[in-house]
Amino acid sequence: FEQYRELLLTKEEIEKDKSNPLASGLTGIMDGPSVTYNLKSRMSVPSRSDEQTLEIARFELAAKHYFKAVPVLTTQVYRVTDVTNTTEFVLLPGEATMYQGADFVGRSKLPLIAIGKPFTIGFGVDPQLQATRQLVDKSRATQGGNQQLKFNYRLMVSSYKSTPVDVQLWDRLPMSETAQVITVTLSTP
């Protein structure tokens, strides 16, 4: 639509068209996918001026549940789920309401999810898990004119659950714009 306007309209017509709210609204309609959902039965929608939500499909997806901890940022541990869209529907972007069983755990914005595309969903904080990061030792030395800094951290996850769970424990490493300035080496105690 935009290329058509640029190729066939004069500069004055394009400027005039930009000031037309109806024409500028049409470009927003042209953005994004065009999706058709076939309903299983007919529905009657009451005529109202407020926003309405209708369920057009319900499905269950296979999911891999785990927990994610990033103690350098927070002591909280998050419930995370990896899912693949195995439905016959393209899932349009928008707000999703998340529940853990019958309990509301939050809202999230989901992107456009194509059929067959894997995606990750967060289900809020799990209060039964906590993570900490503690500096145990720090030393400084010089070797061959290079300064060496050594940091030892202890990363811990406390679980108050009755059964074992999978937890991804993430930490941050220093990075340098140029490889000659800094080198990071991971070592085990």
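Would you rank T53, T74, T120 by solvent-accessible area, highest first, keeping every protein chain in place and using a 1.4 Å probe?
Putting T53, T74, T120 in descending order of accessible area: T53, T120, T74.
Just to verify a number: FRET efficiency for T84 and E13, C-beta to C-beta distance, R0 = 35 Å, to 0.05?
0.15
Where in region 66-88 is the amide nitrogen less than 18 Å from a point lying 7 Å along the Cα-to-Cβ axis of K138?
Backbone N within reach: 72-73.
Using r as the Cβ-Cβ distance of E95 and L186, and R0 as 30 Å, what FRET efficiency do you calculate, to the nearest 0.05?
So, using R0 = 30 Å, E works out to roughly 0.15.
Modelled label-to-label distance, E177 and S34, 7 Å Cα→beta-carbon offset: nm?
Going from the E177 label point to the S34 one covers 4.8 nm.
Take the Cβ-Cβ distance between M43 and H65 as r, set R0 to 45 Å, and report the resulting FRET efficiency rounded to the nearest 0.05.
Computed FRET efficiency for M43 and H65: 0.85.
Give a quick list of GluC sites (Glu not before Pro) in region 44-149 that DSSP marks as loop, anything other than H, G, I, E or B, with at most 10 other Cβ atoms within 10 Å.
Here the sparse-neighbourhood loop sites are E51, E55, E60, E88.
Radius of gyration and Dmax for region 90-189's Cα atoms, expressed in Å?
In order Rg, Dmax, the Cα atoms of region 90-189 give 20.9, 62 Å.
The values are calculated or read from the model by the stated rules, or taken from the named source; none is laboratory data. If you're wondering where the values come from, they're calculated on a predicted model, not measured in any experiment. Every residue, glycine as well, gets a Cβ built from its backbone with ideal geometry; the counts of neighbours run over all protein chains shown. Just the protein is used for accessible areas: all its heavy atoms, side chains included, with ligands, DNA and RNA removed. Shrake-Rupley method; radii C 1.70, N 1.55, O 1.52, S 1.80 Å.
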